[in-house]
Each structure stands twice: as C-alpha cells, then as structure tokens.
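First up is the structure itself, then whatever we jot down about it.
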Amino acid sequence: RKEVEQDPGPFNVPEGATVAFNCTYSNSASQSFFWYRQDCRKEPKLLMSVYSSGNEDGRFTAQLNRASQYISLLIRDSKLSDSATYLCVVSSSRDGSARQLTFGSGTQLTVLP
Amino acid sequence: DAGVTQSPTHLIKTRGQQVTLRCSPKSGHDTVSWYQQALGQGPQFIFQYYEEEERQRGNFPDRFSGHQFPNYSSELNVNALLLGDSALYLCASSQGWDQPQHFGDGTRLSIL
C-alpha cells in the first residue's frame, strides 16, 4: 500500500465548476500536510498548507481529518489556468532533525472552456 | 531574488556511468532535499542535507550519495547508472529543516 494515495483522475471539468480532490495517508505520525501543484514538465509548487481547522485561500479550500487520515482540496469556480496535476503531500520526521516529504502520485485536472 | 537553481537542465548518460547533479538553494535557505520523479509518478524522497550532513534518507541504494557545501549548495551523485534511474531529479530548499520546501526546475536525466 502506498503511503499517500490519490485518485489519479483525470478530472475533466468545465470552467466555473467546483472540483474536489481526496487523499489518504498511512503514517499516523505524519506532522504536516500540503497540496502542491505541478504543471506539465515543471517543478512542483506549493499551493497551500493544510490544517485540521480547515483553511481557505481564495477559491481553494483544504481540509485535514487526522482521525481518518484524510486530506481534501476543493477548487471553486475553476479557471482554465487551474489545469495541472495536484499532488497531496505529507511531511514526517523520524528523529526531529530532518523532514521528509512523501508525495502522492498526483491527480490530473483539466479545465475545459 | 534567485530561487532554487539546478544544473544541468538535461543530461544523457549510458548504463554504468556516473553522474553529478548540482543545486543552489534559494537565498536564505540552508537545507536541501533531493527527490526523484519518474514519469507519471509523484516525487520520491532521496535524502535531506542540513549543516553539511545527511539527516534523513529515503529508500534509495547506496549508489545515490550527496554532499552539501559550506555555502549550502549541494550535489547528488549517482554511480553505476541503471536504465531505471532515468527520471526528473528535483532539488528543494528550505529555511531550516522544518519549513516549507521550494523546488528547482529539476534535471532531466536519461539513461541509454
């Protein structure tokens, strides 16, 4: 079983649609959680951190459920420029002196005109 | 303000050869992590360097080694290259090991 699991998609949605991505992780000792965005043949870029209280950044809302080990990302009013692969990322530290990011395989989103 | 820079951009090698990839962290960052990203997959953690020491390592063989210099830049070395080592190699830096990581554009390595 992969440490971080995501639905690979692809998700093809029309402009203006709301789309939700889900992710589960297996390491209960994971400490920090993120969504990264990766455009084709580009580097991953931090989209937002994810907190248990839920957090919002414009059209993007992220949620963490530690009990269920579940992370979500909601994109409202999707734009053509949102087309990318969205990576669920979990951060853990073995001994409190280094941090390792574990990535899901990514969910591909295409927003259609 | 320069971000994370990696060199070279692309590299072609043959099986059995050795390769060195380089990374300069973002200004003010002192921690460097390396990741391997195969086509269609998410990046996989190779190791993290902080204060010139390897602090944590992922599930990669000893053929993968690294170094961090006093100016915080870093190198990734891979010996005895295999076809399966073909991937995008990403360097990420952070201000301290516990802070968000920012990625460079990567080095695309092809093994023939």
What number of residues within region A:60-106 are at the interface with chain B (Cβ under 10 Å from one of its Cβ atoms), in contact (Cβ under 8 Å) with a residue 40 or more places away in the chain and either surrounded by fewer than 21 Cβ atoms within 10 Å (Cβ to Cβ) or hydroxyl-bearing (Ser, Thr, Tyr) (or both)? 6
Identify, please: which residue in region B:54-104 is acidic (Asp, Glu) and out of contact with any strand residue (DSSP E or B) (no Cβ under 6 Å at 6 or more places or on another chain) and is, among those, nearest to the other protein chains (Cβ to nearest Cβ)? B:98
For residue A:63: the one exception among (1) of a type in the set (S, T, N, Q); (2) in a loop (DSSP other than H, G, I, E, B); (3) over 23 Å from residue B:41 (Cβ atoms): (2)
Looking at this structure, is residue B:11 farther than 21 Å from residue A:46 by Cβ, assigned to a strand (DSSP E or B) and touching a Gly at 6+ places or on another chain (Cβ under 7 Å)? no
Within region A:32-45, take every residue that is surrounded by fewer than 16 Cβ atoms within 10 Å (Cβ to Cβ) and touching a strand residue (DSSP E or B) at 6+ places or on another chain (Cβ under 6 Å) and give me the one that is farthest from the other protein chains (Cβ to nearest Cβ). A:39
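One line per residue, one yes/no per condition, for (1) of a type outside the set (Phe, Trp, Tyr); (2) over 18 Å from residue A:91 (Cβ atoms); (3) over 13 Å from the mean Cα position of the chain (by Cα); (4) modelled with pLDDT of 95 or more:
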{"position": "B:37", "(1), (2), (3), (4)": "yes, no, no, yes"}
{"position": "B:85", "(1), (2), (3), (4)": "yes, yes, no, yes"}
{"position": "B:95", "(1), (2), (3), (4)": "yes, no, yes, no"}
{"position": "B:99", "(1), (2), (3), (4)": "yes, no, yes, no"}
Given the conditions (1) part of a loop (DSSP other than H, G, I, E, B); (2) over 25 Å from residue B:6 (Cα atoms), and given that residue A:40 satisfies all but one, which numbered condition is not satisfied? (2)
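The values are calculated or read from the model by the stated rules, or taken from the named source; none is laboratory data. These figures come from a predicted structure and were not determined experimentally. Every residue, glycine among them, receives a Cβ derived from its backbone with ideal geometry; neighbour counts consider all protein chains shown.
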